[in-house]
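The structure appears right after this line, and notes come after that.
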């Protein structure tokens, strides 16, 4: 049923007008325990078309309901909302050249390596495009207990492939990218993003490290029985990001539907106003697919691949990203449509993979409604 094969009676029984099929798919996701709750939003025709929520923070009786304003741990959406966006703005301002070798900004990445080590060839573009040759994921937190020790372990990683010969989505690559950008800007990614991205765009709910008093208003991501041994709520779920203090290039941000729709609008409206934060040429550059041939990765952004979570209707001129926590953002540059779906699919543990069925069905239902 989650795949979207809903009978007419079921669909007609849901609110949402033309979006009632999307509501029904989201509701079935809750019923099937793909996630306890979700918030979603749609931008099209230059304005918000839908902004709503279903379900609750957890499956427990009396759990708070999710609302469109509920902030979620958006996990790897950090990669586009903060890290890639920072790179876009710095390139646009001519403060950054994306083909700069990583070692020029982070000396620890090349220190002690032989002259012929392929790590010396890795550039910021390679990190952004996930074709650096670095491994996809490393559990640094198993042995590193401080930010310095984790970063040291990340800097010492050996490449598993020569740059540009393999597409491998890499969290360590974006940890390294975050530190390279901090070295360039001379301050934390947290402070720079708040001042240069979030405030100018009016993203009032988007932040790293939510204040303690806000944590109860954020859906928990996991009942962590193995590492922190507590309920993870209002603090980053990703263990490596947590060891890094909650601020990292690959994870750590919290945000909500209104903010992500504003962010999407800024992407789609690039250059349309004198005070636009982004220029169209910046969007074009960062939305181009990168090597090797067949990779869906653009510069910092993903694009729809075969059997994409974005469904059947997003054009090839689409950029977006997924998050391990169950969140996603897809922006169709051709039709000027953006869809935000926020969930905590990892509650109470990481076992359920039903989000893989919900995402494409939900996106298809929305696009059909539009």
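Please treat every number below as a calculation from the coordinates, not as lab data. In this text the structure is predicted, and so the values were computed from the model without any measurement. Backbone-built Cβ (ideal geometry, glycine too); neighbour counts: all protein chains shown.
Summary table below
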read-out	value
Value of Rg/Rh across segment 248-331 [Cα atoms, Kirkwood radius]	0.96
GNM top mover of 340, 48, 236 - the chain, alpha-carbon springs below 10 Å	48
Within the chain, helix-based [θ] at 222 nm, where runs of 4 or more DSSP H residues each add -39,500 (n - 2.57), nearest 500	-7500 deg cm²/dmol
The chain - percent relative contact order, Cα under 8 Å, separation 6 or more	25
GNM top mover of 43, 192, 330 - the chain, alpha-carbon springs below 10 Å	192
Over segment 141-235, relative contact order from alpha-carbon pairs under 8 Å, at least 6 apart, %	15
Added length on full extension, which subtracts the Cα-Cα distance from 0.36 nm per residue, residue 315 to residue 223	29.3 nm
Modelled FRET efficiency - R0 56 Å, residue 114 with residue 231, Cβ distances, 0.05 increments	0.75
Relative contact order of segment 14-169, pairs being alpha-carbon contacts under 8 Å that are 6 or more residues apart, as %	14
Value of Rg/Rh across segment 37-165 [Cα atoms, Kirkwood radius]	1.11
Potential extension, residue 275-residue 100 segment - 0.36 nm per residue separation minus Cα distance	60.1 nm
Mean shadow area of segment 120-170 over all directions, Cα convex hull, nm²	3.5
Among 94, 359, 317, residue whose mean-square fluctuation peaks in a GNM of the chain (springs only between Cα atoms under 10 Å)	94
Fewest-first sequence of 154, 207 by Cβ atoms within 10 Å of each Cβ	207, 154
Calculated P(r) of segment 152-234 - Cα pairs past 19 Å, %	63
Rg and Dmax [Cα atoms of the chain; Å; Rg one decimal, Dmax integer]	20.0, 68
Fewest-first sequence of 321, 56, 130 by Cβ atoms within 10 Å of each Cβ	56, 321, 130
Gain upon complete extension [residue 93, residue 307; 0.36 nm per residue less C-alpha separation]	73.4 nm
Binned Cα-Cα distance frequencies in segment 149-289 - 5 Å width, integer %	2, 8, 14, 17, 19, 17, 13, 8, 3, 1, 0
Ranked 223, 364, criterion: other C-beta atoms within 10 Å, fewest first	223, 364
